[in-house]
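Here is the structure we will look at, set down as structure tokens.
The values are calculated or read from the model by the stated rules, or taken from the named source; none is laboratory data. What you see is a predicted model; the values in this text were computed from it and never measured. Quick reminder, even Gly has a Cβ in these numbers, built from the backbone with ideal geometry, and neighbours come from all protein chains shown. In case anyone asks, the SASA skips ligands and DNA or RNA and just uses the protein heavy atoms, side chains included. Shrake-Rupley method; radii C 1.70, N 1.55, O 1.52, S 1.80 Å.
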Amino acid sequence: VAIAESFLANLERHEPAIRAFLHVPKHETIIEQARQIDAKRQSRQPLGLLAGIPIAIKDLFCTRTMPTTCASKMLSNYLSPYNATVVERLQSADAIIIGKTNMDEFAMGSSTENSAYQKTTNPWNTAHTPGGSSGGSAAAVAARQASIAVGTDTGGSIRQPASHCGVVGVKPSY
């Protein structure tokens with residue numbers, strides 16, 4: 001719970017200037033997930049490898065409990081009937097999904113300024129871009145709003161924002 005509260009405090013403190021997130025569950029929902037993980041630990045039940053770690057995910061991964069908009073107004077009301085495989089795997093590893101991050105609309109761009117909702121800024125200098133298209137994910141990690149963030153990378157969309165925001169970005173393999 002203490003870890004979740006710390007990241008939520010950073011999210012509240014920095015989000016108005018950075019605008020890394022498009023969707024964040026109610027804080028009570030996140031804290032309840034953390035309490036359940038703490039209860040598992042206290043009762044000596046097996047914990048997943050990511051137990052209690054707040055993780056942000058790019059807003060193109062389908063989630064049942066939060067909208068999946070791909071930063072587009074066309075999908076503003078879309079709630080997926082299923083979770084993406086990466087979301088299922090994170091949850092089965094006891095990770096806490098702290099929110100969905102901003103991106104260039106449909107992941108088409110390189111600055112995270114082309115979202116239909118908001119422009120994300122670089123946490124180190126809010127006059128600058130965080131890069132893109134996974135700029136919301138990189139900005140969230142750099143601002144310590146999430147410990148890890150999941151993005152996508154076809155032509156540098158993880159690695160470029162990571163370098164702009166001073167964090168490590170790894171292109172996933174197929």
task: Would you list the helices (runs of 4 or more DSSP H) that sit entirely within the stretch 1-112 and hold 2 or more residues that are aromatic (Phe, Trp, Tyr)?
output: none
field: Residue check for residue 101: touching a Phe, Trp or Tyr at 6+ places or on another chain (Cβ under 7 Å), surrounded by 22 or more Cβ atoms within 10 Å (Cβ to Cβ) and modelled with pLDDT of 95 or more
entry: yes
field: Residue tally, condition out of contact with any helix residue (DSSP H, G or I) (no Cβ under 6 Å at 6 or more places or on another chain), within 30 Å of residue 111 (Cβ to Cβ) and open to solvent by less than 30 Å² (accessible area, probe 1.4 Å), over the stretch 24-54
entry: 1
- prompt: Among the numbered criteria (1) free of Cβ contacts under 8 Å to residues at least 40 places away in the same chain; (2) assigned to a loop (DSSP other than H, G, I, E, B), which single criterion is violated by residue 115?
  reply: (1)
